[in-house]
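What follows is a single structure, written as structure tokens, with notes after it.
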Amino acid sequence: MITCGIEIKGSEVILCLLSKQDGLFQIADCRQVRHPLHNPNDSESLRKYQFMLKKLFEDYKVERVVIRERPTKGKFAGGSVGFKIEAALQLIEGIQVDLFHSSKTKEILQHNPMPIPFKDTGLRAFQEGAFTIAYAALSEPTAEI
């Protein structure tokens, strides 16, 4: 089962494709790991963006998407465009979409620390949040192996 970890930053999604089989994690290559939404106020643009992400998930056989949850208020609150992107992801049919709060991620990582440092994964530095959320999702006790 391929899981797509997603971190929404501003008006773009950053993703990491990760799977787990027989206790081993596998990072899948992805043709593009950053996907900006260029015109968030146009509904047609948002539909095309959702279709593009759905196609990417189909192409890579993604069964689960895990989004790093952002606060709605306060210093680190997500912006309106980010929440539009989040809604577009949640409304893609045929894909399980979960939101992971940072406290849930920290708890999972406390019990299942990453086996190698992030810098040894070969991913780009900006993908760390997406990788971490995908790793946590695949490491949670109820995750399928």
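Some notes on this structure:
- Looking only at region 1-29, and only at residues there that are of a type in the set (D, E, K, R) and either part of a strand (DSSP E or B) or surrounded by 24 or more Cβ atoms within 10 Å (Cβ to Cβ) (or both), the one that is nearest to the chain's Cα centre (by Cα): Glu7
- Pairs with Cβ under 9 Å, 6+ apart, first in region 12-31 and over 17 Å from Met52 (Cβ atoms), second charged (D, E, K, R): Cys16/Glu7; Cys16/Glu128; Lys20/Glu144; Gln26/Lys20
Matching residues to (1) among the acidic types (Asp, Glu); (2) buried (at least 19 other Cβ atoms within 10 Å of the Cβ); (3) modelled with pLDDT under 90; (4) farther than 21 Å from Val33 by Cβ:
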site	(1), (2), (3), (4)
Glu63	yes, no, no, no
Val66	no, yes, no, no
Pro71	no, no, yes, yes
Gly94	no, no, no, yes
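The values are calculated or read from the model by the stated rules, or taken from the named source; none is laboratory data. A quick note: this is a predicted structure, and the numbers were derived from the prediction, not measured. Every residue, glycine as well, gets a Cβ built from its backbone with ideal geometry; the counts of neighbours run over all protein chains shown.
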